[in-house]
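Notes for the one structure printed next.
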Amino acid sequence: MTELEAYKKEIKGLEDKANMMRDMHSYQFQRYEWISKTFSLIIIVLSAIVTLLAIADPSVFFIAGNYINLFRNWISILAFIIFLLSLCDKIYGINEKAAKHEQAVKVMTDFITKCNDLRKLELESCGEEEIKLKVDSLHFQYSLINHMNPFPTISDRDFMKCKQRHLIKVDVSKKLSKNPYENIEEYTNRKYIYRFIKWIKGLFY
C-alpha cells in the first residue's frame with residue numbers, strides 16, 4: 001500500500017465514522033419529529049372534539065337530566081388533558097431535541113463532504129506535507145465536532161439500535177452496488193413490521 005493510499009484509507013475511516021454518527025442523529029431526529037407531530041395531531045383532534053362538545057346541545061347526544069353535569073365534567077377533563085399534552089414539549093423538550101439532532105446531521109454532512117472532496121479530488125494534486133496537514137486538520141475537526149458542539153446525547157440503548165440499523169443499511173447498500181436487482185422487499189417489510197411491534201410493546205412496558 002502506497003502512502004497516498006494509506007492517507008485515503010485514513011480519511012475514509014473518518015468519513016465512515018462521521019457517516020455513522022450522521023445516521024444515528026438522523027434516526028433520532030426522525031423519532032422526535034414523529035413524536036412531535038403525533039402530539040400535535042392528538043391535540044388538534046382533541047381540541048376539535050372539545051370545541052364541538054362545548055357548543056353542542058347535550059340533547060343532541062341524548063343526554064338529559066343529571067347526566068348533563070357529568071357531560072360537562074368530561075368536557076373539562078378532556079380540556080385538562082389537552083393542556084397537559086401541550087406542556088409535554090416544554091417539559092421534555094421534544095422539538096428542541098429534534099432541532100439539535102437535525103443540526104448534528106447538517107454538521108456531519110458538511111464534514112463528510114470535506115472528507116470526500118479531499119479523498120477524491122484534492123489528494124492527487126497535493127504534496128506529502130500538505131496531505132499530512134490536511135489529514136491532521138480533519139482529525140482535529142472531527143474531534144472538535146464531537147466535543148465542542150452541543151449535540152444531544154444518545155443513550156446506550158438507542159446508540160446500539162441506531163448502530164445496528166446503520167450497519168444493516170451499509171450492508172444492504174453494498175449488496176445493491178454489486179447487484180442492482182437484489183430483492184430487498186422482504187427485508188424492508190420485515191424491518192417496518194418489527195419497528196411497529198417494538199413501538200406497540202413500548203407503549204405497555
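Values quoted throughout were computed directly from the atomic coordinates according to the rules given, and no laboratory measurement underlies them. Worth saying up front: this structure is predicted, and the values here are computed from it rather than measured. Positions of Cβ are generated from backbone atoms using ideal geometry, with glycine treated the same way; all protein chains shown enter the neighbour counts.
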>> Along each principal axis of its Cα atoms, how long is the stretch 66-182 end to end? Whole angstroms, biggest number first, please.
In response: 89, 42, 24
> Percent relative contact order of the chain, based on C-alpha pairs within less than 8 angstrom and at least six residues apart?
Replying inline: 35 percent
> Which of the helices in the chain meet the span-like rule: DSSP H, Cα axial reach of 18 Å or more, Kyte-Doolittle mean at least 1.0?
Replying inline: 67-92
> Per 5 Å bin, what is the whole-percent P(r) computed from every C-alpha pair distance within the stretch 68-118?
Replying inline: 4, 17, 11, 11, 11, 9, 9, 7, 6, 5, 4, 3, 2, 1, 0
>> Longer than 18 Å from Cα to Cα, which of LYS8/LYS120; LYS8/LYS106; LYS12/LYS114; LYS9/LYS120; LYS9/LYS114; LYS8/LYS169 are they? Say none if no pair is.
In response: LYS8/LYS106; LYS8/LYS169
>> Students often forget the sequence filter, so: which aspartates and glutamates lie under 20 Å Cα-Cα from LYS163 once same-chain residues fewer than 8 apart are removed?
In response: GLU15, ASP16, ASP23, GLU33, GLU102, ASP171
> Which value in nm describes the separation of the simple spin-label points at VAL170 and TYR67, placed 7 Å from the Cα toward the beta carbon?
Replying inline: 6.3 nm
> When the chain is modelled as a GNM with alpha-carbon springs shorter than 10 Å, which of LYS178, LYS12, LYS97 fluctuates the most?
Replying inline: LYS178
> What is the magnitude of the charge dipole of the stretch 1-126 about its Cα centre, with +1 placed on the Cβ of each Lys and Arg, -1 on the Cβ of each Asp and Glu, and no other charges, expressed in debye to the nearest 20?
Replying inline: 340 debye
> Given 5 Å bins starting at zero, what is the percent of C-alpha pairs of the chain in each, up to the one with the largest pair distance?
Replying inline: 1, 6, 10, 12, 12, 11, 10, 9, 7, 6, 5, 4, 3, 2, 1, 1, 1, 0, 0
